[in-house]
Structure formats: C-alpha cells, structure tokens
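Working notes, structure below.
The values are calculated or read from the model by the stated rules, or taken from the named source; none is laboratory data. All values reported here derive from a predicted model rather than from experimental measurement. As a convention, Cβ positions derive from the backbone with ideal geometry for all residues, glycine included, and neighbour counts pool all protein chains shown.
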Amino acid sequence: MFPIQIQKRPRLNQILYKVMIPVALLIWLIPLFGIMMTSIRGLGDITAGNLWGTPSEFLLFSNLKDVFTNTPMLKYILNSFKVTIPTMIGAVALSCMTGFALANYKFKTNLLIFFIFIAGNFVPFQILMIPVRDFTFKIGLYNTVTGLVLFHVAFQTGFCTLFMRNFIKALPNELIEAARIDGTSEFRIFTKIILPLTRPAIAALCVLVFTFIWNDYFWATVLIQGDHAMPITAGLKSLNGQWITAYHLLSAGSIVAAIPPVIMFFLMQKHFIAGLTLGASKG
C-alpha cells in the first residue's frame, strides 16, 4: 500500500534515482535560466541570434527601467494584488465553511453537493470562455476587477472545498463531540477548534490559490481589456513591439512578475509543507 523507500530498493533503482533527479532538475531549470539570461541581454544580441552565449552587455537594470517606463507596470502589479488577495481570502474562507459542513453534518444532499464541487474541477475552463464573458457583460462586471475576482472565487472554491473537506474529515471527531456535549455552539466549534487545527491546510491553500491567480493569463485576457484593471500577466503583452517582439523586456518583466509568488511561498513555507504532508506518514 505504501511506496517502498528508495534505500530498500535494488541497487540499480537507487542509481537511476540519483541520476534522474539531477537530470529532471536541469530540464526544469533550463527555461528559467534562459529567461534570466535573456533579461540581461540587449536587443542587438537577440537579433544576432546570441541567445545562449555570453551577453555582449549587462543590461538587466536598463531593461527593468524600460519595463517600468514604457508600460504602466506598477499599475499592473497593483491590479494583480487587487485580484489575487480578495480571491485568495474569498475562496479559502468559503472552502473552510463548506468543508466543515460537508465533513461534519449528515444530510441527504451531502454527497451530491460534494460531487458537484468535485465535478467542477474537471470542467475544461476553455469551454466556459464565451458563457462567462457574456454573463459578466450582461451584469455589468465585464472589464472590471470585481468581475474577475468573483469569477476566480467561484472557480477556485471547488478545489479548495475538496481540499478542506478531506482535511477536516481526518480530524478527530471526538474533539467536536466533546465540545457539543459541553454546550459549545457550532460557530465557536468552527472558530475555536476547526480553524486552529486546519491552519496548515489554510496556509497551503493560500499559497496555491495565490500562485494560481497571480499567474493566470487566460481569464485576465478574456475578461479584461483595459489597462485600468489589467493584471501583470496580461499586461506583459504590451511589451511586444510593433514589428518585433522585445524578448529582453518580456523576460525582465517576467522576472518582476515572478517575485511576489516566490516571496509568498517562502513566507508560508513551513505551514505550506506541513499542510501538504499532514497525514501522509504511516501510523
């Protein structure tokens, strides 16, 4: 049932494991290395085909300056925070409440509601493009931060509820029953017992949702058209030149866009790992 530890596997498997880990890591890092190298080059190196060689000039700071002067980059970053933070709070808060209800209350439609949350995660989001766009347009939320936030909250709540319901289901039910016997209200059980115990799961969800929404490009381009509400992922396309793509500026802007999720992960790293691994050990 449980996977065999690599130390107990045959010698050949151990050798393959030690070889494949660095190879996989290298393959994963090559695109990131390419972006970093491109961000310090000038347009001359790129047009000359010098993509992997030594840059003729170190122009990282010059490229970053062009990114912030040629585009409303600070506005894009602020818009991303306006979209990401409310979405993260809304999706996690709703999933905590629905997960608690689905895990602890027995009613006829419990499994049906849980199935709907699960099924929503398997719907290809591309087929929702036209209906969602038309719906937001009809209710006056098209091309607004509010419309993008509400859609992301609705779409992310399904995954978060699945995560939280399973996490809360694994908690000792005796704690809840003992609190009920003592006359504790359901609200206090939720706020004083469930929320403290699910703190690692909440931290993990916050990191995941923050990363998902911050890096979203598809819905940002479908539901947003103006710079007043454009997130940074969609705003980077404004760095494209009229006749040639400014890859050096796109790479520099991509590095700027990647900084907040990285900071978020390191700030929540301890709780994030605990939330993902809790219950993964035997015994």
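For this structure, a couple of remarks:
- When the helices (runs of 4 or more DSSP H) confined to segment 1-77 are screened for residues that are of a type in the set (Phe, Trp, Tyr) and not assigned by TED's automatic domain parsing to the domain that holds Thr144, those reaching at least 3 such residues are found at 11-39.
- Looking only at segment 1-57, and only at residues there that are small (Gly, Ala, Ser) and surrounded by 10 or more Cβ atoms within 10 Å (Cβ to Cβ), the one that is farthest from Leu250 (Cα to Cα): Ala24
- Answer residue from segment 62-91, given it is farther than 22 Å from Thr144 by Cα and among the hydrophobic types (A, V, I, L, M, F, W, C) and is surrounded by the fewest Cβ atoms within 10 Å (Cβ to Cβ) among those: Phe68
- In this structure, Lys82 does not satisfy being among the charged types (D, E, K, R), assigned by TED's automatic domain parsing to the domain that holds Ile213 and not in a helix (DSSP H, G or I).
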